[in-house]
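The structure under discussion appears below in the form of structure tokens.
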Amino acid sequence: MSIFEILLLSFALAMDAFAVSISVGVCSRDLAKPNALKCGLSFGIFQGGMLLIGILTANLFASFISPFSHWIAFVLLMYIGIKMIHESLTSEESVIMSGFKSLLILSIATSIDALAAGISLAVVSVSFALPVALVAIITFALSYFGVFLGAAISRNTPGKIFDVIGGIILIGLAIKTLLAHFIG
């Protein structure tokens, strides 16, 4: 696998985390800087870690996780999205997506595809150091930037409309994950 292909894979794997980090930024516009670091680190570590787990345990995990990975990601993203919309409509405060529990769930949900990619990389006998490092670094950078982008988008908008939009984005990603499994 060439460096160009590894870079493409890294950006592809980071896209879900980037979209989710925009939602985190939308919901935490006043705390973008600390949340950007937490989000970037969490998503970067999980993406790189899941890729590494997939590579190292390809034979063991392939038969166990592959049939269910799309459902796991779907349920986790759908749960957070619905929770986010519900809280934005019923609470006086903005939804907090940067708490430990929320970031853990979002990190797992957005990195399940990295686990599957790791299994695929192991099949084609790719050395794991460079792909794991690039996936983690690119995911960190895009997620970090995504929080600031989300905060900037929502800063001049009154109300919690972007909290609802962030929830809709997560539900959309959940549906996309499920459709991608069944269609492609």
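The values are calculated or read from the model by the stated rules, or taken from the named source; none is laboratory data. The model shown is predicted, which means the values in this text are computed figures rather than measured ones. As a convention, Cβ positions derive from the backbone with ideal geometry for all residues, glycine included, and neighbour counts pool all protein chains shown.
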> Looking only at residues in the stretch 40-69 that are surrounded by fewer than 18 Cβ atoms within 10 Å (Cβ to Cβ) and of a type in the set (Ser, Thr, Tyr), which one is modelled with the highest pLDDT?
Replying inline: THR57
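Kindly indicate whether LEU8 is within 14 Å of PHE128 (Cβ to Cβ), surrounded by fewer than 20 Cβ atoms within 10 Å (Cβ to Cβ) and modelled with pLDDT under 90.
No: the conditions fail for LEU8.
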> Any residue in the stretch 72-83 that is modelled with pLDDT of 75 or more and touching a Lys or Arg at 6+ places or on another chain (Cβ under 9 Å)?
Replying inline: no
> Cβ-Cβ below 6 Å, separation at least six or inter-chain, first residue in the stretch 24-43 and touching a residue at least 40 places away in the same chain (Cβ under 8 Å) and part of a helix (DSSP H, G or I), second crowded, with 22+ Cβ neighbours inside 10 Å and charged (D, E, K, R): which pairs?
Replying inline: CYS27/ASP163
> Does at least one position in the stretch 150-167 carry a residue that is modelled with pLDDT of 85 or more, surrounded by fewer than 23 Cβ atoms within 10 Å (Cβ to Cβ) and part of a helix (DSSP H, G or I)?
Replying inline: yes
>> Within the stretch 175-184, take every residue that is at pLDDT 80 or above and surrounded by 15 or more Cβ atoms within 10 Å (Cβ to Cβ) and give me the one that is farthest from PHE68 (Cα to Cα).
In response: LYS176
> Which is β-branched (Val, Ile, Thr) and over 30 Å from SER127 (Cβ atoms), of ILE72, ILE3, ILE85, ILE45?
Replying inline: ILE85
